[in-house]
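Reading through the structure tokens given below for one structure.
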Amino acid sequence: THPQVIFSGIQPTGVPHLGNYLGALRQWAKLQNEAAPDTTLLYSIVDLHAITIKQDPAQLRQWRKEMLASLLAVGLDPKRSIIFYQSSVPAHSELMWILSCNASMGYLSRMTQWKSKLSLPDNASPLDPGPTSKAALKLGLFSYPVLQASDILIHRATHVPVGDDQSQHLEFAREVANGFNHLFSRSSKTHILPPPETILSPAKRVMSLTQPTKKMSKSDQDVKSRILITDSREEIFKKVKSALTDSIEGVSYDPSTRPGVSNLVEIMYYMDESVADSPKALTQDLRELSMRALKELVADTINVHIRDVRERYQGVMYGGGNGNSLGEIGEEGAGRARESAGRTMGIVREAMGL
Ligand code: ADP
Ligand code: NA
């Protein structure tokens, strides 16, 4: 069997919130720490994806840096994992062009992301998306899945950890890989571009603290709706205290009738899954607590588990002194990613006659 190559990406959107951490980043670190010695891990800050919507340059520069510091803070080790900005490795875009020459417009039309970003109905057509969306639908937003396929295939990744909202894009990436191999592989046994497997993140959906029927998101206007992985103990307590709950006596777990309380219980459970078998089981011990006592317990649990993350973030962002600077770490990762991507481009060019 061949060694595994794990790839995943995250957009530079500033400091991650608890949803990003529990739903994605914590698993990246776990995969790294449990990987076989011959496994390659690549984690990319996908800044070329970010610009499919309008970005302010100064803001983007800051957010890229904050995301790199955050990846290190959650425990990614630049000696073990290749951590890099997507735009530092031009082959991601180069392979995208090559793949787009064979990517089906029909398939892309049926994908949901461009429609949901523009709030269009499921049956919207890219050539006639409606009067207000015509100018808003850019080629980059529409072809986003091709760049995502390229991100994965350029490193010949075998495994991609993602949330279930991304399964559709992974299916597309496999389709693109198979199409390319069919056209250019010398035999059906050799894959120029191996079709990647999905590693589905265990479903963890952290909900907004202030509107617990919506997921916690950075695009929410209300900053009290989310906890950032860099929040101080005081900020965590303040936000959890103001979380929307209900006036039912005691603690129980039922997301449909008690979304606020259930979200707090889930967060507590996700922070340390060894304490119980499920969020529901966890409530056995919490049944008698007042809302106030529950909130204090949840805030304390969050604080205890992300304290190290917060401290490492401060260290890499503002610490200076020992350890490489963020700039050096980014450059180092880019160099290794360029090597990995360059090997694939060599094979691709050779196979295509370029
Ligand atoms: P946001 O929804 O805040 O815009 P992104 O879409 O950039 O976040 O997501 C980055 C990663 O974090 C993805 O893997 C996504 O599945 C995960 N993620 C985002 N929000 C949540 C959430 N509320 N609960 C669990 N995982 C989440
Ligand atoms: Na999302």
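With +1 on the Cβ of every Lys and Arg and -1 on the Cβ of every Asp and Glu, and nothing else charged, how large is the dipole of the chain about its Cα centre, in debye rounded to the nearest 20?
620
Listing 119, 187 from the residue with the fewest other Cβ atoms within 10 Å to the one with the most, what is the order?
Starting with the residue having the fewest Cβ neighbours, the order is 187, 119.
Karplus couplings for the stretch 276-287 from phi (6.51 cos²θ - 1.76 cosθ + 1.60, θ = phi - 60°), rounded to Hz, Gly and Pro as x?
Using θ = phi - 60°, the values come out as 7, 7, 6, x, 5, 4, 4, 5, 3, 7, 10, 2 Hz.
Between the alpha-carbon centers of the stretch 156-212 and the stretch 6-41, tell me the distance in whole angstrom.
One Cα centre to the other: 15 Å.
If you line up the long axis of helix 326-352 against the longest principal axis of the chain, both from Cα atoms, how many degrees apart are they, to the nearest 10?
Tilt of helix 326-352: around 40 degrees.
Using the Cα gyration tensor of the chain, with a ≥ b ≥ c the square roots of its eigenvalues, what is the shape: rounded (a/c below 1.5), prolate (a/b larger than b/c) or oblate (neither)?
prolate
Pull up all non-local amide H partners of residue 42: gap of 5 or more, or a different chain, and H-to-H distance under 5 Å with H placed in the peptide plane.
6, 7, 8, 82
Send over the per residue convex hull volume for the stretch 223-318, Cα only, as a whole number of Å³.
Output value, Cα hull per residue: 93 Å³.
Multiply the residue gap between residue 191 and residue 211 by 0.36 nm, knock off their C-alpha separation, and tell me the result in nm, one decimal place.
Length gained, residue 191 through residue 211: 2.5 nm.
Which ³J(HN,Hα) values in Hz, rounded to whole numbers, follow from the phi angles of the stretch 80-94 under the Karplus curve 6.51 cos²θ - 1.76 cosθ + 1.60, where θ = phi - 60° and Gly and Pro get x?
Rounded to whole hertz, the list is 9, 9, 8, 10, 7, 7, 3, 6, 7, 10, x, 4, 4, 6, 5.
For the stretch 8-14, just list the computed ³J(HN,Hα) in residue order, Karplus coefficients 6.51, -1.76 and 1.60, θ = phi - 60°, integers in Hz, with x standing in for Gly and Pro.
8, x, 9, 6, x, 10, x
How compact is the stretch 44-137 by the rule of thumb for globular proteins, expressed as Cα Rg over 2.2 N^0.38 Å?
1.37
What is the antiparallel percent of DSSP beta bridges lying wholly in the chain, to the nearest 5?
So the antiparallel bridges in the chain amount to around 15 percent.
Quick one: helix 291-318 against the long Cα principal axis of the chain, what's the angle to the nearest 10°, folded into 0 to 90?
40
Can you sort 174, 349 so the residue with the fewest Cβ neighbours within 10 Å comes first?
349, 174
About its Cα centre, what dipole magnitude does the stretch 223-318 give when the only charges are +1 on Lys and Arg Cβ and -1 on Asp and Glu Cβ, stated in debye to the nearest 20?
Here the stretch 223-318 has a charge dipole of around 420 debye.
A short reminder: the numbers here are calculations on the coordinates, not readings from a lab. Please read these numbers as outputs of a predicted model, since none were measured by experiment. With ideal geometry, Cβ positions are generated from the backbone for all residues, glycine too; neighbour counts draw on all protein chains shown.
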